[in-house]
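This report refers to the structure that appears directly beneath it.
Any read-out appearing in this document is the output of simple, stated calculations on the displayed coordinates, not a laboratory observation. Because the structure is predicted, anything quoted here is derived from the model rather than measured. Cβ: placed from backbone, ideal geometry, glycine included. Neighbour counts: every protein chain shown.
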Amino acid sequence: MMTNLPKIKIAPSILSADFARLGEQVKEVTDSGADLIHVDIMDGHFVDGLTWGPKTIEDIKKWTHLPIEAHMMVDNPDKQINAFVNAGTDIMTIHYEACSSLANTIASVKSRGIKMSLAINPDTNFSNIEEYLHLLDQVLVMTVHPGLPGQKFLDTSPKKISSVRKSIEEKCLNTELEVDGGINAETISIAAQAGASVLVAGSAIYDHPAGINNAMKSLREKLDSS
Ligand code: DX5
Ligand code: ZN
């Protein structure tokens with residue numbers, strides 16, 4: 001087990017929630033001990049799926065006191081920054097693969113006073129973004145190919161998570177290391193032991209047969225015992 005890790009957070013992804021009852025379902029994970037709410041924004045171009053816009057962020061904020069993360073699976077993310085910040089986004093996660101001028105994108109997000117998080121897809125090497133690490137509040141390592149909930153945690157993920165963790169420690173940074181995709185009661189410990197500090201889980205929470213509260217409890221127990 002690694003030492004000196006920050007407190008590990010659970011970030012429910014509402015992609016697997018009932019979209020017709022989003023507010024209630026955000027409240028339910030909030031009351032069950034979530035640390036932040038992960039909102040998957042998909043534009044039908046960067047990924048095939050389509051989800052929400054900034055108004056969804058504004059509306060779900062009425063149902064939770066927790067920070068809201070917008071995971072921007074969109075092309076041309078720079079165009080969206082102002083609208084999502086104005087809607088109340090606290091953490092903006094932008095994909096490296098969607099950026100044409102990464103330094104400018106990072107500066108734009110940070111100039112709005114919110115947290116800047118950079119995501120990398122499974123096929124993107126961490127070495128592509130390592131030089132920007134000191135500018136980031138969070139790195140998101142995708143542990144599935146983005147676009148759909150309910151996929152299997154890729155076997156190559158622990159090694160990649162560990163290499164990001166190692167770089168954060170070597171540089172004495174306190175960058176959050178988030179992991180997204182295929183997190184469930186089995187894989188959550190693997191990701192945490194590899195060095196993740198924020199675990200996103202969608203289907204493992206919202207599709208759990210015993211309900212949201214029990215799902216959250218079982219993920220937290222796994223984390224506490226890992
Ligand atoms: C996938 C999204 C994830 C997704 C995770 O592209 O970014 O946040 O909701 O879903 P699960 O936890 O079911 O893999
Ligand atoms: Zn996501």
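Miscellaneous remarks
- Being buried (at least 21 other Cβ atoms within 10 Å of the Cβ), under 19 Å from Val141 (Cα atoms) and out of contact with any Phe, Trp or Tyr (no Cβ under 8 Å at 6 or more places or on another chain) is a condition met by no residue of the stretch 206-217.
- Residues in the stretch 193-204 that are outside any loop (DSSP other than H, G, I, E, B) and buried (at least 24 other Cβ atoms within 10 Å of the Cβ) were compared, and the one that is nearest to ligand 2 (Cβ to nearest atom) is Val200.
Per-residue answers, yes or no, for (1) under 17 Å from the mean Cα position of the chain (by Cα); (2) of a type in the set (Val, Ile, Thr):
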| position | (1), (2) |
| --- | --- |
| Leu50 | no, no |
| Lys55 | no, no |
| Leu66 | yes, no |
| Glu69 | yes, no |
| Val74 | yes, yes |
| Ala83 | no, no |
| Thr89 | yes, yes |
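- Only residues that are among the small types (Gly, Ala, Ser), within 11 Å of ligand 1 (Cβ to nearest atom) and surrounded by 20 or more Cβ atoms within 10 Å (Cβ to Cβ) were counted across the stretch 132-184, and they come to 2.
- Residues of the stretch 107-129 that are in a helix (DSSP H, G or I), of a type outside the set (D, E, K, R) and surrounded by fewer than 20 Cβ atoms within 10 Å (Cβ to Cβ): Ala107, Ser108, Ser111, Phe126, Ser127, Asn128.
- Taking the stretch 127-157 as the range and being within 16 Å of the chain's Cα centre (by Cα) and away from ligand 2 (no atom under 15 Å from the Cβ) as the test, the residues that pass are Leu136, Asp137.
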